[in-house]
1. Taking θ as phi - 60°, what are the ³J(HN,Hα) couplings along the range 21-33 by the Karplus curve (6.51, -1.76, 1.60), each to the nearest whole Hz, with x for Gly and Pro?
2. Along the Cα→Cβ direction, 7 angstrom out, place labels at residue 236 and residue 111. What is the inter-label distance in nm?
3. Out of 115, 215, 74, any idea which swings most in a Gaussian network model of the chain, alpha carbons joined below 10 Å?
4. Angle, helix 139-154 long axis vs. longest principal axis of the chain, Cα atoms, 0 to 90°, nearest 10?
5. Skipping prolines and chain starts, which residues have an amide H placed within reach, meaning under 5 Å, of the one on residue 73, given they are 5 or more residues away or on another chain?
6. Skipping prolines and chain starts, which residues have an amide H placed within reach, meaning under 5 Å, of the one on residue 293, given they are 5 or more residues away or on another chain?
7. Residue by residue through the range 104-109, which ³J(HN,Hα) values in whole Hz follow from phi under the Karplus form 6.51 cos²θ - 1.76 cosθ + 1.60 (θ = phi - 60°), with glycine and proline marked x?
8. State, to one decimal in nm, how far the label point of residue 193 lies from the label point of residue 84, with both points 7 Å from Cα in the Cβ direction.
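The values are calculated or read from the model by the stated rules, or taken from the named source; none is laboratory data. Keep in mind it's a predicted model, so treat the numbers as computed, not measured. Don't worry about glycine lacking a Cβ; one is built from the backbone with ideal geometry, like all the others, and counts go over all protein chains shown. All accessible areas refer to the heavy atoms of the entire protein, side chains included, with ligands and DNA or RNA removed. Shrake-Rupley method; radii C 1.70, N 1.55, O 1.52, S 1.80 Å.
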Amino acid sequence: MAGTGDAAGQAKTGELAIARSVAELRRAHDAWLRRGERIALVPTMGALHRGHLALVQAAQADGARVVVSIFVNPRQFGPGEDLATYPRPEADDVAKLRQARADLLFAPSVAEMYPDGFSTVVSVAGVSEGLCGAHRLGHFDGVATVVAKLLLQAAPHVAYFGEKDYQQLQVVRRLVRDLDMPARIEAVPTVREADGLAISSRNIYLSAAERQIAPALYRVLSEVAGRLAAGRSPAAELARGRAALASAGFSEVEYLELRDAETLAPLTARTRPGRLLAAVRLGRTRLIDNVPMPPAARQTAEKPLDATRG
Ligand code: AMP
């Protein structure tokens, strides 16, 4: 690390400290705690963009010391996925974190995170199943395992996650609740390009032609949400939305679903806060996105009741 021992001191001057080991991270953490400071963690896989930086800003607004982790976690990539080609522009990331005035970058090696003999898998049932969990087998075990490690290593007061990866956010919330982890989990809304495309490190894989098609994912989600809000039937509108995605030019529509916003159980009516979630493939790129689907305003029995009272 650049000046391991004085990580906390460096951070105070606005300089970005870099920790490559858990021991270095803890030294900085302990120094901050001794000064009574609060600590926020922003876990990422790097190739930082405006979405990640929105998490950093939210953490700063909370007045905490901001630790950003960059770790391309092999355990959340399946066979045939893009682990080898996932972008790793560390020098650019460091520059962005300096500019954003983050306090510490935790960038461990694979050997630091998973030393020989590593045998533990953290698995969150229920909320991990279906949606991306059905298409990326083992993915959420990898996510839950690494997030559990990061939360224990960095021991933050609060950790920030993006709504962009909505199922991941719910997996993390469940994990933290089930294991009585003390960190508070905060969600940050999805940051988008001007045409609506959710910003993602994987968008660089898109060809120019694919980039033209990609915003249709958010457009269709928004259209379906609008029609559901107008009272149309979820089953019919989801089918129509899937057809609209297929005809927009995506090579495959993995899913377009209306789910309970918290449990992610299927929702057939707008009786509870919901989430519309979709995953599509576009050439070699997999894109995911989601939008909120508030419950229908209650056509309550109270009205006639009020009328009779009146
Ligand atoms: P990743 O580096 O893709 O693993 O993402 C790290 C964190 O940044 C996760 O909590 C993501 O949900 C969040 N994130 C990624 N893209 C966006 C975005 N466009 N808007 C908001 N948060 C995002």
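1. My calculation for the range 21-33 gives 10, 5, 4, 5, 4, 5, 4, 5, 4, 5, 4, 5, 4 Hz in order.
2. About 6.2 nm separates the two model spin labels.
3. Taking springs between Cα atoms under 10 Å, the residue moving most is 115.
4. 40 degrees
5. Here nothing satisfies the definition.
6. The list, which skips near neighbours in sequence, is 274, 275, 276.
7. 8, 9, 9, 10, x, 7
8. 2.7 nm
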